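Take a look at the structure below.
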Amino acid sequence: MNYDFSHCMLCPRECGANRQKGAGACRADDKLRVAKTMLHMYEEPPISGTRGSGAIFFGGCNLQCGYCQNAVISQKTCGEIYSVKELADEMLELQFKGAHNINLVTGAHYVPHIADALALIKPQLKIPVVYNSSGYEKPETLKMLNGLIDIYLPDFKYISRDAAQKYSHAPDYPEVAVAAISEMVRQTGGYVERDGLALRGTIIRHLVLPNLSHDGEEIMRIIANKFDGVRVSVMSQYTPDFNSPDFPELNRRITLMEYNRVLQAARRYGLDGFMQYKDSASGVYTPNFDE
């Protein structure tokens, strides 16, 4: 896929950076960079299964959240440079190792590379392909992946423009996420699971943050009203271990009351999906990117 990285408009930032000469707002240049590959056991149960999800973590991210648990790879230009063929070969290798799926983690800034890699080997993949997203995506860019992704795993982080601006410098996040998830659901249709493993569909994640449980409640309402056939994943794993010093109000774990408020909203609106145990707030869920 010939994409013009000399004036990059792939993501909602539309920064127009010349990624052939330097990094864009995503901290990535035009070279495909992979920070880590692994069999990942700490995704939702139908994604990780018993053998693990075949995770491919990309360097850089277009959102740059101030509390990101993957900040060591997401907030700078990093990772080993891969060709499109090498990325495709890595997917096949993860399949050979027994992964239940291929899990592409935060690849919004590499969608043309990802689409080309999947086009090379999609018929050889006997397992689903998961696109693991911050939710800050352009529908036009996601359309490059139409027919190549089986499961979308987007975040829906905020409904408050003020919070989105403060923590991610993206006041348009709420409306962007709704439009992006709408395109994801259009592509995948309703959620399908067999023998406890996800085969197709969209699972929408919400990480409950300190002082923002009311956002979570409203997000559950929006999901119920706008998206048919999806699953939700309500996450309690926020830990202040990775928080920026700019946000002292986030220097605590969420309370049981905050978490239950969002869970109760999900139940009230009839949403089906997954929840974490309250004691999941630990750095153990973050891969060791130094290995």
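The values are calculated or read from the model by the stated rules, or taken from the named source; none is laboratory data. Only a predicted model underlies this, so the values are computations on that prediction, with no experimental measurement involved. Quick reminder, even Gly has a Cβ in these numbers, built from the backbone with ideal geometry, and neighbours come from all protein chains shown.
Please go through the range 244-260 and pick out each residue that is in a helix (DSSP H, G or I) and closer than 16 Å to Tyr158 by Cβ.
Glu249, Leu250, Glu258
Can you tell me which of (1) closer than 24 Å to Phe156 by Cα; (2) touching a Leu at 6+ places or on another chain (Cβ under 6 Å) is the one Cys61 doesn't meet?
The number of the failed condition is (2).
For the structure I just gave you, tell me whether Ala35 is closer than 18 Å to Ser83 by Cα, outside any loop (DSSP other than H, G, I, E, B) and touching a Lys or Arg at 6+ places or on another chain (Cβ under 8 Å).
No; evaluated as a whole, the condition is false for this residue.
So, in the range 79-90, how many residues would count as being surrounded by 21 or more Cβ atoms within 10 Å (Cβ to Cβ) and assigned to a helix (DSSP H, G or I)?
2
Residues in the range 272-281: is at least one touching a Phe, Trp or Tyr at 6+ places or on another chain (Cβ under 7 Å) and either at negative phi or surrounded by fewer than 21 Cβ atoms within 10 Å (Cβ to Cβ) (or both)?
Yes, there is a match, as at least one residue in the range 272-281 is touching a Phe, Trp or Tyr at 6+ places or on another chain (Cβ under 7 Å) and either at negative phi or surrounded by fewer than 21 Cβ atoms within 10 Å (Cβ to Cβ) (or both).
When only residues in the range 195-225 that are part of a strand (DSSP E or B) and not hydrophobic (A, V, I, L, M, F, W, C) count, which is farthest from Ile149 (Cα to Cα)?
Result: His206.
For residues that are part of a strand (DSSP E or B) and β-branched (Val, Ile, Thr), scanning just the range 116-159, find the one that is surrounded by the fewest Cβ atoms within 10 Å (Cβ to Cβ).
Out of the qualifying residues, it is Val129.
If you go through the range 90-114, how many residues are of a type in the set (A, V, I, L, M) and within 15 Å of Lys31 (Cβ to Cβ)?
So the count comes out to 2.
Regarding the range 91-112, can at least one residue be identified that is surrounded by 22 or more Cβ atoms within 10 Å (Cβ to Cβ), at positive phi, touching a helix residue (DSSP H, G or I) at 6+ places or on another chain (Cβ under 7 Å) and not small (Gly, Ala, Ser)?
yes
Looking at the range 161-171, which of its residues are in contact (Cβ under 8 Å) with a residue 24 or more places away in the chain and touching a Phe, Trp or Tyr at 6+ places or on another chain (Cβ under 9 Å)?
Within the range 161-171, Ala163, Lys166, Tyr167, Ser168, Ala170 meet the criteria.
Test each condition in (1) without any contact (Cβ under 8 Å) to a residue 60 or more places away in the chain; (2) closer than 22 Å to Leu142 by Cβ; (3) under 17 Å from the mean Cα position of the chain (by Cα) for Gln75 and report the one that comes out false.
(2)
Just to be sure, is Lys76 among the basic types (Lys, Arg), in contact with a Lys or Arg (Cβ under 8 Å, 6 or more places away or on another chain), in a loop (DSSP other than H, G, I, E, B) and surrounded by fewer than 16 Cβ atoms within 10 Å (Cβ to Cβ)?
In short, yes.
Only one of Val176, Val208, Val185, Val192 is over 20 Å from Glu43 (Cβ atoms), among the β-branched types (Val, Ile, Thr) and either crowded, with 20+ Cβ neighbours inside 10 Å or at pLDDT 95 or above (or both); which?
Val176 is the lone residue from the list that is over 20 Å from Glu43 (Cβ atoms), among the β-branched types (Val, Ile, Thr) and either crowded, with 20+ Cβ neighbours inside 10 Å or at pLDDT 95 or above (or both).
May I ask you to list pairs of residues, at least six apart or on different chains, whose Cβ atoms are under 6 Å apart, with the first in the range 220-236 being within 20 Å of Glu44 (Cα to Cα) and the second being assigned to a helix (DSSP H, G or I) and of a type in the set (Phe, Trp, Tyr)?
Correct list of pairs: Ser236/Tyr259.
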